[in-house]
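Novice: First the structure, which I've put down as structure tokens, then a few questions once you've had a look.
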Amino acid sequence: MLFLLRHRFLAPASLSFDHLIHQMARSTRSIAAREVASLAAGLEKSALVPQDVVESPTSQTSGRVTRSRTAATRRVSTPPTQADIINKPQKKSAARKRKAVLAPADLNEFPHNLGSLPTPSKSEAVGETASKSKIEVKEESLDTDSLANELQDTVDKAVETLPSPPASDTKKKRSKKTNTYGLTPGITPFRDYSRPTPEECEEVNRLLSTIHGEITPPTTIPEPSLTVTGCGEVPSVLDALIRTLLSGATTGKNSAMAFNGLVQRFGILDSGIGKGSVNWDAVRRATVKDVFEAIKSGGLADVKSKNLKAILDMVYEENQSRKALLVKNEISDKSEGEKQYEIACADQHFLSLNHLHTLPTEEVMTELVKYPGIGPKTAACVLLFCLQRPCFAVDTHIFRICKWLGWVPKDKATEITTFSHLEVRIPDNLKYSLHQLFIRHGKSCPRCRAITGESSAGWEEGCVIDHLVTRTGKRKGAHGLESTKAKKVRKNPS
């Protein structure tokens, strides 16, 4: 009867265990642990049912098992046999064993949730029972052991299938770039490319000077013109920045028309600090549409008007912030006269970037390229012409000729990487003159213009650097002193 009692309470539990194991295979560790704890509590409660409770005979008609409601039927009518005594489970010891196996472990003992929960051996689990009953219990008769082990295996598998931590948690954060244009100052992106050498730079500078004249940097910066933009060769940093912005991707004539449009529409300062300069604060307070109308004759007015307005707004906010710091004496690298000048500029809403004159070249570059529409080329021009720092600004003409000269890898270089490479390779004393000579030559040479070929006017005149270049692109022909047509004439003089 005791055997039937044990079978009655454990066999149905086995079916629920199988269903639970199937579901727990797809569960996370936390869900599996909760279900194991709940099931352990149920088993423990079942084990505490009075031993004298037995099943009533199974009904032959309904197939359902019913229990007797009277105390008489709950009494054992016949003495237990020796087999019953042997197979009788030791409930109190088994409950203790199940509690030791299924009790939730302290997660603090498992750093990062690595490793499996410990499973006691069967000899340890039944040791206490054997010592008290003095009866040898067979391993196959303890169904609870196998069920508990199956549950533990399921928990272990659930732990193994837990997702790994996000990559962002395990990988070190990338170091922030030191600048906003992706280049490392003083280091070329083409470290294994040894050209141009200083000797090559000297030779090209000498050859181009024979036809375009010698060029030397000015000792003083000329007064700004109100009709010509140029490349930023003016004293005011803000003036230089805006003039260079307007000259981008257009002709000198168009950029001059755009700048003159700003002068005519918004006027110039006729008194106070900045007298003679464009009234940039009036441009800042105007609408984008008004700025567009003023510069629309210069090309790309839609984009440039938005960028121009955004730059002036940023400069105004920066000027006011710097004024507050200067008043509190929180900027210590300025003389008293320089502090008073900046404060006066901010008070009169005279927009200025002249404080950049005192910053190192790399810091100036980083400050300038943060403005919308300002890239390394425009910033380099401001450095070269306004701040008078050695800087090899690269435009489309310079980029084309430098590729033909083989000074940069033709298939890898861009205008930005060319700037970074040549900034390292070209000697400082040649940066100003080579910049000017390349632009003049790229605009005027019949063989070195952007779209030219053997049929172009003036092709037969040759080029002073023909023996150094290999031209590529549309309509290009021979790259030596003689064109293909000239060679044919020489081979067939008749």
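Every number in this text was worked out from the coordinates using simple rules, so none of it is lab data. Computed from a predicted structure; not experimentally measured. Quick reminder, even Gly has a Cβ in these numbers, built from the backbone with ideal geometry, and neighbours come from all protein chains shown.
Novice: Using a simple spin-label model with points 7 Å from Cα along the Cα→Cβ vector, what separation in nm is obtained for Thr361 and Lys412?
Specialist: Each label point is offset 7 Å from its Cα along the Cβ direction, giving 2.3 nm.
Novice: Going 7 Å from the Cα of Ile187 in the Cα-to-Cβ direction, what parts of the range 420-434 have a backbone nitrogen less than 17 Å from that spot?
Specialist: The answer is 420-425.
Novice: Still on this model: Which distance in nm do the two modelled labels at Ala310 and Glu461 give, with both placed 7 Å along the Cα-to-Cβ direction?
Specialist: If labels sit at Ala310 and Glu461, their model points lie 4.2 nm apart.
Novice: Multiplying the sequence separation of Lys443 and Ile343 by 0.36 nm and subtracting their Cα-Cα distance, what value in nm do you get?
Specialist: Taking Lys443 through Ile343 to full extension adds about 31.6 nm, to one decimal.
Novice: Residues with beta-carbon under 14 Å from that of Thr378, excluding Thr378: net charge, scoring Lys, Arg +1 and Asp, Glu -1?
Specialist: Values: positive: Arg243, Lys304, Lys370, Lys377; negative: Glu233, Asp239, Glu367, Asp395, Glu415.
Net charge in that neighbourhood comes out at -1.
Novice: Each label point is 7 Å from the Cα along the Cα-to-Cβ direction; what then is the distance between the points at Glu330 and Asp290, in nm?
Specialist: 3.2 nm
Novice: Which length gain, in nm to one decimal place, applies between Gln388 and Arg195 when the Cα-Cα distance is subtracted from 0.36 nm times their residue separation?
Specialist: The Gln388-Arg195 span can extend by a further 66.9 nm.
Novice: At a Förster radius of 30 Å, what calculated FRET efficiency corresponds to the Cβ-Cβ distance of Glu203 and Val424, to the nearest 0.05?
Specialist: Details: r = 19 Å, r/R0 = 0.63.
The calculated FRET efficiency here is 0.95.
Novice: What is the packing order of peptides 379-386, 188-195, taking the mean over residues of other C-beta atoms within 10 Å and listing the highest first? Write down the numbers at each step before the final one.
Specialist: Details: 379-386: 25.9, 188-195: 13.9.
By packing density, highest mean first, the sequence is 379-386, 188-195.
Novice: Still on this structure, I have one more. Long-range amide H contacts for Ile268: which residues qualify at under 5 Å (H placed 1.01 Å from N, peptide plane, sequence gap of 5 or more or a different chain)?
Specialist: The answer is Asn279.
Novice: If you bin the C-alpha pair distances of the range 340-489 every 5 Å from 0, what whole percents do you get?
Specialist: Going out from 0 Å in 5 Å bins, the range 340-489 shows 1, 9, 16, 17, 15, 12, 9, 8, 5, 4, 3, 2, 1, 0, 0 percent.
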